[in-house]
Amino acid sequence: MPVRNALNRLFVGLLVSCTCLPGVGQSAVSSSNPAPTPAKPVEATSGYNQPPKNILDVMQAPSPPIPLVSPTQDTILLLSWQEYPPISRVATPFLRLAGVRVEPKNHSKHDTPGGYGITQCARSFELVHVADGAQIHVALPAGSCPGRPIWAADGKRFAFTNIAPESVELWIGDAKTGEAHRVPGARINPMFSEEMQWMPDQKTLLVKLVPQGMGAPPSEPVVPIGPSIQETGGEKGQSSTYENRDTLSNTHDEDVFDYYAASQLGLVSVATGTITPIGKPANYESIDPAPDGQHILVTAIHKPYSYVTTYDRFPKEVEVWDVSQRSHVLTHSIASLPLADRVPIHGVPLGPRDFSWRATEPATLVWAEALDGGDWNVNVPARDKILLLKAPFSSPAIEVTRTGQRYAGFAWSEQPSIALLAEYDNNRHWRKIFITDVDDPQQKPRLLWDLSADESYANPGRPVRRTLANGSRVIRQDGDFIYLDGDGSSPDGDRPFLDRLDLKTLKTERWFRSDKTCFEEFLSFTGPDARTFLTWHQSPTDPPNAFLRTLRKSGVDNPPAGEATLTSTSVAVTHVPDPTPEVRAIKKRLVKYKRADGLDLSFTLYTPPGYQEGTRVPTILYAYPLDYADASTAGQVTGSQETFTHLRQYRLLLLAGYAIIDDAAFPIIGDPKKAYDTYLDQLVADAKAAVDEAVRLGVADPDRIGVTGHSHGALMTANLVAHSDLFRAGVATSGSYNKTLTPFGFQNERRSVWEARDVYLKVSPFFSADKLKTPLLIMHGAEDANPGTTPLQSNKLYEAIRGNGGTARLVVLPHEPHWYTAMESNEQLVYEMLRWFDKYVKNAPPRPVAGPH
């Protein structure tokens, strides 16, 4: 689509279409099962509608903050995001440039990576000193839009960007005083992210700047200069299906892409604010300083561009710059990567990829190269080789090892001779982690972990890292020991833990495990003594807050399996209040049950305020199907019922008297190469098991159950109302309903539509629209950039249902991406869901009783 047409117009209302069967949903609820009678949704005259006031009050309350612990572990920055920006912010005009959306008025990035949401703005920063709990408010400019701050390794400062009306600004904050100031003259270019980072001296910031003297952007020709032309010469060219508005389509689009992608690299002195340009302007995708502070890994995008894929597959030059002499940059070419628009689905490009610096050496570059043509279909002894190249980068790279499956990265220990090497088998959903010494090729890597990527109960956790003085992140190691923090999934839900692992014996000792009555996860150590650390604690009634824990020996010689061998005391460090006390009247519990084939499943059951046990109430089921290669991991319980209850989207219907069957397990089990052969059968079996259990518990009224899901969950929703009689109505948001429009695969389905035509047709509710008589509300963001869920999907499903005499309503939210962002849009979402479920679920007439045959 021409860039000129990519500039949005500000909508003042919604696109709403509805086709309804007469007389449906008009009767009242049976008097034997009275339901709560909250205020009715507010009908608006401005184009947007609102849910009742009790729901609005909760939506407008601030969300709990997230903690960012300083690298020196003595300060916590509490970051509070703006939950819902106004529609005026979301409706800001933007350009679609090869997978990135840029606001031309200030050169800011409009969306998050992948186009799933709008770039967030922070609401507040609060600094908390761990030693005494003293809190300092960081004064931010009025009407500002700060981004996520990044700490300097010395803990003295933090930096962040601020989206201002005319530019993206660079700001620096003082951790001691809380004062923050703008760096004059620094106009940041965040188009490809990685727009700022600390140099190893922690006194300088490496930034991408908008080049000076750019002039006006290229104007679109009044008369087209020619057609848009693409040609293929017989090679296969599988790629994700992008909405054509988000890829380039002509030479003018290419010129506009180059204009906004161009950046000037610069070094900013935090002491003086002086900006020193380095190199010449180019389309810099990524920049990464080496630990020595002298070298920078630079990746730049260049032509020829593709009109079928996004910028991440464009040709690139990978170089190492020596910036020791600021006035003269020496460059070392590492790789010239060609256009990669024919990469197999779930495959990787040919040539060098996944570049990174070795954290424990001054300037040693590491990368991987595929040995299987980048294609998971090919059987080879080893899929990748790993290469290493040291400064001054004049000798050939050295191959240090090969991986049996796809390389997934190194995690470097602070002891230079030790690293953890990860590989991943996409065909089996399997991962292996090895302990390796890359400096000794004669030493065979030791296998540390060998388990399914879907394994939750036996998941060993993540190595705890610390930040070196130069900013490099390494695994913390005390002698032969490293530390692991994990989710601690169990049949009773997640109970986060902290373990100590002996790298010689490979035995672990559990130091801490969250209590069963709360959800408490490891945040950070507070110094050299590993027995003192910070946690983030919450419960259904207690908002998230930081606690300082000190371990001591337990009096129990043999604690129960999985429990901690040490006990601890804790002191609250932060004191975040409850923003929505009225929500505490909502209760939740973990429910476990079995599918008809014996598979263990679970969901969290929420009941509305004032619920009386044994009372059947209208109920909504929410789920997101997940693919599993093995049944042994598919039924494992994940998540926790002990987290602080925070209501968003469908959960807000609890305040209208509904019960919620939340995050119901919906596993789709099978060989990843043909996972969707039994998708529909498993989908219905998952739903029936969950509904039957909620009815058995005496909570759900079997005649008043609805279903909802988002994205892949919306596909689930449409299929369930088409192929089962479990639900009285459905709400599908931002879904994909005709999989033939994504012909080269979807989710974990890797076969093309030409290889598995029947599967594509069977999983697509569009082709079952003649059977879809259960009322279905379809909602979509008008600017959804997710390749599989373009707005066309919802439009065509609605047209199909309407044409076949079904009951449906289509609501398209102006300017919204895949996840709805604006306050007005989210108010409309909840209004629509409540209106639909009230009409077709809560107030639905009894089902007709089948007469004798």
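Taken over the stretch 394-418, the criterion of being among the small types (Gly, Ala, Ser) and over 17 Å from residue 361 (Cβ atoms) is satisfied by 404, 408.
So that you can scan it fast, the table gives a plain yes or no per residue for (1) in contact (Cβ under 8 Å) with a residue 12 or more places away in the chain; (2) over 22 Å from residue 271 (Cα atoms); (3) within 23 Å of the chain's Cα centre (by Cα):
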| residue | (1), (2), (3) |
| --- | --- |
| 119 | yes, yes, yes |
| 122 | yes, yes, yes |
| 131 | yes, yes, no |
| 138 | yes, no, no |
| 144 | yes, yes, no |
| 148 | yes, no, yes |
| 151 | yes, no, yes |
| 154 | yes, no, no |
| 158 | yes, no, no |
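Mind checking which residues of the stretch 526-542 are part of a loop (DSSP other than H, G, I, E, B) and open to solvent by 20 Å² or more (accessible area, probe 1.4 Å)?
Once the filter is applied, which keeps residues that are part of a loop (DSSP other than H, G, I, E, B) and open to solvent by 20 Å² or more (accessible area, probe 1.4 Å), the stretch 526-542 yields 526, 528, 529, 531, 540, 541, 542.
Within the stretch 614-634, the residues that satisfy the criterion of being modelled with pLDDT under 95 and not aliphatic (A, V, I, L, M) are 614, 627, 628, 630, 632, 633. Being at pLDDT 95 or above, open to solvent by 10 Å² or more (accessible area, probe 1.4 Å) and assigned to a loop (DSSP other than H, G, I, E, B) holds for only one residue in 72, 45, 37, and it is 72. Is it true that residue 715 is touching a helix residue (DSSP H, G or I) at 6+ places or on another chain (Cβ under 8 Å), open to solvent by less than 10 Å² (accessible area, probe 1.4 Å) and either within 30 Å of residue 52 (Cα to Cα) or modelled with pLDDT of 95 or more (or both)? The answer is yes for residue 715. Residues satisfying the criterion are absent from the stretch 834-844 (criterion: touching a residue at least 40 places away in the same chain (Cβ under 8 Å) and more than 23 Å from residue 728 (Cα to Cα)).
Scanning the stretch 316-331 for residues that are surrounded by 17 or more Cβ atoms within 10 Å (Cβ to Cβ) and not acidic (Asp, Glu) yields a total of 6. Going by what's in this entry, would residue 340 be described as within 18 Å of residue 409 (Cβ to Cβ), in contact (Cβ under 8 Å) with a residue 12 or more places away in the chain and within 27 Å of the chain's Cα centre (by Cα)? Spelling it out, it is not the case that residue 340 is within 18 Å of residue 409 (Cβ to Cβ), in contact (Cβ under 8 Å) with a residue 12 or more places away in the chain and within 27 Å of the chain's Cα centre (by Cα).
Need pairs with beta-carbon distance below 7 Å; first residue closer than 24 Å to residue 492 by Cα and within the stretch 442-457, second open to solvent by 70 Å² or more (accessible area, probe 1.4 Å) and in a strand (DSSP E or B); sequence gap 6+ or separate chains. Matching pairs, first to second residue: 453/424. The residue that is surrounded by the fewest Cβ atoms within 10 Å (Cβ to Cβ), counting only those in the stretch 495-525 that are assigned to a strand (DSSP E or B) and hydroxyl-bearing (Ser, Thr, Tyr), is 508.
The residues in the stretch 373-385 that are under 25 Å from residue 446 (Cβ atoms) and either basic (Lys, Arg) or free of Cβ contacts under 8 Å to residues at least 24 places away in the same chain (or both) can be counted, and the count is 5. Specify the residue that is surrounded by the most Cβ atoms within 10 Å (Cβ to Cβ); the eligible residues are those in the stretch 636-663 that are in a loop (DSSP other than H, G, I, E, B) and among the polar types (S, T, N, Q). Selected residue: 640. If you go through the stretch 795-849 and keep only what is modelled with pLDDT under 95 and among the basic types (Lys, Arg), you end up with just 847. Under the condition of being hydroxyl-bearing (Ser, Thr, Tyr) and modelled with pLDDT under 95, the residues counted in the stretch 402-417 number 1. For the stretch 477-484, does any single residue satisfy the condition of being under 16 Å from residue 562 (Cβ atoms), in contact (Cβ under 8 Å) with a residue 60 or more places away in the chain and crowded, with 17+ Cβ neighbours inside 10 Å? The answer is no, given that none of the residues of the stretch 477-484 is under 16 Å from residue 562 (Cβ atoms), in contact (Cβ under 8 Å) with a residue 60 or more places away in the chain and crowded, with 17+ Cβ neighbours inside 10 Å. Within the stretch 534-583, being β-branched (Val, Ile, Thr), out of contact with any strand residue (DSSP E or B) (no Cβ under 7 Å at 6 or more places or on another chain) and modelled with pLDDT under 95 holds for 541, 556. Residues that are more than 19 Å from residue 352 (Cβ to Cβ), of a type in the set (Lys, Arg) and surrounded by 19 or more Cβ atoms within 10 Å (Cβ to Cβ) within the stretch 396-445 comprise 431, 432, listed in sequence order. For the residues 823, 833, the requirement of being under 24 Å from residue 712 (Cα atoms) and buried (at least 24 other Cβ atoms within 10 Å of the Cβ) singles out 833.
Residues that are under 27 Å from residue 516 (Cβ atoms) and either surrounded by fewer than 17 Cβ atoms within 10 Å (Cβ to Cβ) or out of contact with any strand residue (DSSP E or B) (no Cβ under 8 Å at 6 or more places or on another chain) (or both) are absent from the stretch 465-473 altogether. Among residues of the stretch 775-793 being touching a Phe, Trp or Tyr at 6+ places or on another chain (Cβ under 7 Å) and surrounded by 24 or more Cβ atoms within 10 Å (Cβ to Cβ), the one that is farthest from residue 726 (Cα to Cα) is 781. Examine the stretch 696-711 for a residue that is in a helix (DSSP H, G or I), within 25 Å of residue 592 (Cα to Cα), modelled with pLDDT of 95 or more and open to solvent by 10 Å² or more (accessible area, probe 1.4 Å), and state whether such a residue exists. Yes: the stretch 696-711 contains one or more residues that are in a helix (DSSP H, G or I), within 25 Å of residue 592 (Cα to Cα), modelled with pLDDT of 95 or more and open to solvent by 10 Å² or more (accessible area, probe 1.4 Å).
Quick check on my filter: what residues within the stretch 112-132 are touching a helix residue (DSSP H, G or I) at 6+ places or on another chain (Cβ under 8 Å) and at pLDDT below 80? Of everything in the stretch 112-132, just one residue is touching a helix residue (DSSP H, G or I) at 6+ places or on another chain (Cβ under 8 Å) and at pLDDT below 80, namely 115.
How many residues, within the stretch 96-106, are in contact with a Phe, Trp or Tyr (Cβ under 8 Å, 6 or more places away or on another chain) and either at pLDDT below 95 or open to solvent by less than 10 Å² (accessible area, probe 1.4 Å) (or both)?
Restricting attention to the stretch 96-106, the residues satisfying the condition of being in contact with a Phe, Trp or Tyr (Cβ under 8 Å, 6 or more places away or on another chain) are 97-104.
After this cut, where a residue has to be either at pLDDT below 95 or open to solvent by less than 10 Å² (accessible area, probe 1.4 Å) (or both) as well, the list is 97-103.
The number of residues fulfilling the criteria is 7.
The values are calculated or read from the model by the stated rules, or taken from the named source; none is laboratory data. If you're wondering where the values come from, they're calculated on a predicted model, not measured in any experiment. FYI the Cβ positions are ideal-geometry reconstructions off the backbone, even for glycines, and counts take in every protein chain you see. For accessibility, only protein heavy atoms count, side chains too; no ligands or nucleic acids. Shrake-Rupley method; radii C 1.70, N 1.55, O 1.52, S 1.80 Å.
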